[in-house]
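See structure below.
Derivation of every value follows stated rules applied to the coordinates shown; laboratory data play no part. This structure is a prediction, so every number in the text was calculated from the model and none was measured. Don't worry about glycine lacking a Cβ; one is built from the backbone with ideal geometry, like all the others, and counts go over all protein chains shown.
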Amino acid sequence: MRNGKTSIWRQYLPTAVLLLIIAFVAVWAFAVGSAGRGSAPPVNAINGILLVGIGLVAGLLGGIIGTGGCSVMLPAIHFWMGYPAPIAVGTTLFAVFFTAVSGGYGHLVRRNLDVKATLWLGGSGIVGVILGSWLFTLLTAHVSLLGLILGVAFLLPAVRMVWEGLRRGYKPRQEGSSIPEHTRGWAVLGFIIGVLTGIVGLGGGYALVPGLIYLFGAPVYVTMGTSLATMIPLALVGGGIKLAQGYVALGAALFLAAGTVVGAQIGAAVIKRFRPTTLKLIFGLYFLYVSVKFIASYFGIMIW
């Protein structure tokens with residue numbers, strides 16, 4: 001019984017610590033009036049509840065399919081709540097750091113994470129984020145074209161995952177506890193993901209998950225945890241840069257973060273209740289949505 005209590009304490013202590021940190025920073029943010037650059041909507045009781053709810057859904061989805069939830073939070077606060085696009089990008093990327101820490105740790109204690117791969121991906125990803133953040137200042141006029149390229153590039157893995165998830169007779173290979181080692185490949189993939197994170201402001205899980213599965217033959221469950229853990233340094237550096245540039249509505253980001261840290265723990269806890277083929281169907285459909293959204297936005301068609 002004692003071991004069970006210790007295990008539960010070990011699993012959820014970081015979540016409690018993160019929530020305390022969020023509360024402390026929130027008090028400080030409201031005391032100094034930090035709201036980010038531009039006309040971000042004020043955070044009142046109703047907006048706060050909405051932001052926590054959006055964060056909870058994003059964290060739950062991220063904990064299950066291995067993404068930070070940017071693709072959920074960003075369109076929600078931009079289209080539903082009226083946050084300007086630059087503020088929405090910076091605010092959600094900042095909040096994703098908390099999602100990644102909570103979900104990544106949740107997967108670590110459940111052994112759904114390859115530590116060595118995470119270190120290689122995250123280390124090279126930091127360099128990529130710095131470069132991508134610099135390139136963003138030079139490529140602002142071409143961001144929509146980049147979105148089109150990303151959308152087309154990820155149509156293939158999205159369709160493949162949906163297809164494998166729907167095949168009744170499909171038998172996935174044996175799930176393992178680590179990713180087949182390829183340190184140079186990890187470094188290259190991490191760097192590319194970092195550059196994309198710095199340029200388009202998303203956490204990178206939408207690209208990292210299919211990359212690990214189809215380039216390196218990663219087990220599905222381990223991919224989820226490794227993806228989230230890799231996003232910790234990427235979101236920290238990328239979100240920090242956006243904060244320094246004034247593109248983070250700190251109050252809103254903290255409400256989002258409070259929801260995501262709880263949702264990510266729930267997602268990490270229930271992930272193994274899904275079969276690998278079911279998971280592939282879930283995030284295959286999700287990535288298909290992201291691909292279509294990227295492509296449609298290039299032609300001026302906004303999809304939630």
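Averaged across orientations, what area in nm² does the convex hull of the alpha carbons in the range 251-304 project?
Working: hull surface 20.5 nm².
The Cα convex hull of the range 251-304, projected and averaged over all directions, gives 5.1 nm².
Remark: spin-label model distance R184-L119 equals 2.0 nm, labels positioned 7 Å along the Cα→Cβ axis.
Hey, any idea what Rg/Rh is for the range 197-304, computing Rh the Kirkwood way over Cα pairs? Walk me through the numbers on the way to the answer.
Numbers: Rg = 15.5 Å, Rh = 15.8 Å.
Across the range 197-304, the Cα-based Rg/Rh ratio is 0.99.
Between M81 and T137, the FRET efficiency from the beta-carbon distance, with R0 = 35 Å, is close to 0.85.
Mind ranking 95-106, 236-247, 155-166 by how tightly packed they are, going by the mean number of other C-beta atoms within 10 angstrom, highest first?
Values: 95-106: 31.1, 236-247: 20.7, 155-166: 17.3.
Ranking the peptides 95-106, 236-247, 155-166 by packing returns 95-106, 236-247, 155-166.
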